[in-house]
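Structure first, then comments.
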Amino acid sequence: MLTATMPDKLVTTYLEMTRRSAFRPAYVDDKDFTLLRMQVPDVPFYRFLYSAVGGQWRWRDRLLISDEKLQDALSDPYTTVDVLYSSGVPAGYVELVRRAESTEIAYFGLRPNYYGKGLGKHLLSWGIAQAWSDGAQRVWVHTCNLDAPAALENYLKRGFSIYDVREEPMPARYY
């Protein structure tokens, strides 16, 4: 299901956390949830996750590149993909990309059946904690007006601050 109307402009908000002390985690205490890191890049499984999480938000970037380029991206030793499972079923994922002392939350989200259960804040908290544990001096993320409506609020509640907002005409790939 795609969002109801397509805006004329893409509004992208960039956020960062530059101090670990700004981090406000929010975890869900439930034994039915587990997080597992993809130890071996699996392009078909990753594309499933990416489409299941981002399909309704018109995520396209990872669908427009070849399997080889995606395999290379996922094989980068500074890229991790952690998958959240609920009762053994993939519910969402967080992908981190470390560069020097900065870690980007490159992709993050839940499958629609798992909205409203607190899993978004749990998964985001996990990703942020991983970034800080891996030595990040800065954790950053971007979101846009095509993402889940609760995304920006979740980032702000976890301790991120907005450092830039950019507007551009809606790119053709989102239509």
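Results, tabulated for the structure shown:
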{"item": "GNM flexibility winner over the chain from PRO90, PRO25, PRO149 (Cα, springs under 10 Å)", "result": "PRO149"}
{"item": "For region 9-174: relative contact order, % (alpha-carbon pairs under 8 angstrom, 6 or more apart)", "result": "40"}
{"item": "Mean-position separation - Cα centroids, region 145-175 and region 96-135, in angstrom", "result": "15"}
{"item": "Cβ-based exposure ranking for THR5, THR103, THR13, THR18, in which fewest neighbours within 10 Å come first", "result": "THR5, THR18, THR13, THR103"}
{"item": "Under 17 Å from the Cα of LYS31 - lysines, other chains or at least 8 residues apart", "result": "LYS117, LYS121"}
{"item": "Among 113-121, 49-57, the order from most to least packed when residues are scored by Cβ within 10 Å on average", "result": "49-57, 113-121"}
{"item": "Cut-off under 5 Å, modelled amide H: who pairs with ALA106 long-range", "result": "GLU95, LEU96, VAL97"}
{"item": "DSSP H segments from the chain that extend 18 Å or more along their own axis, Cα-based, with Kyte-Doolittle mean of -1.0 or above", "result": "119-133"}
{"item": "Only Lys, Arg (+1) and Asp, Glu (-1) charged, at Cβ; region 49-149 dipole about Cα centre in debye", "result": "380"}
{"item": "Tensor-based shape of the chain (alpha-carbon gyration tensor, a/c under 1.5 rounded, otherwise prolate or oblate)", "result": "rounded"}
{"item": "Estimated dipole of the chain in Debye, rounded to 20 [Cβ of Lys and Arg +1, of Asp and Glu -1, Cα centre]", "result": "340"}
{"item": "Peptide ranges 77-87, 138-148 listed from the most packed, as the mean C-beta count within 10 angstrom indicates", "result": "138-148, 77-87"}
{"item": "Ellipticity estimate at 222 nm from DSSP helix runs (n ≥ 4, -39,500 (n - 2.57)) divided over the chain, nearest 500", "result": "-7500 deg cm²/dmol"}
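Read the figures in this text as sums done on the coordinates, not as results from a lab. On a predicted model such as this, the values are computed, not experimentally measured, just so you know. With ideal geometry, Cβ positions are generated from the backbone for all residues, glycine too; neighbour counts draw on all protein chains shown.
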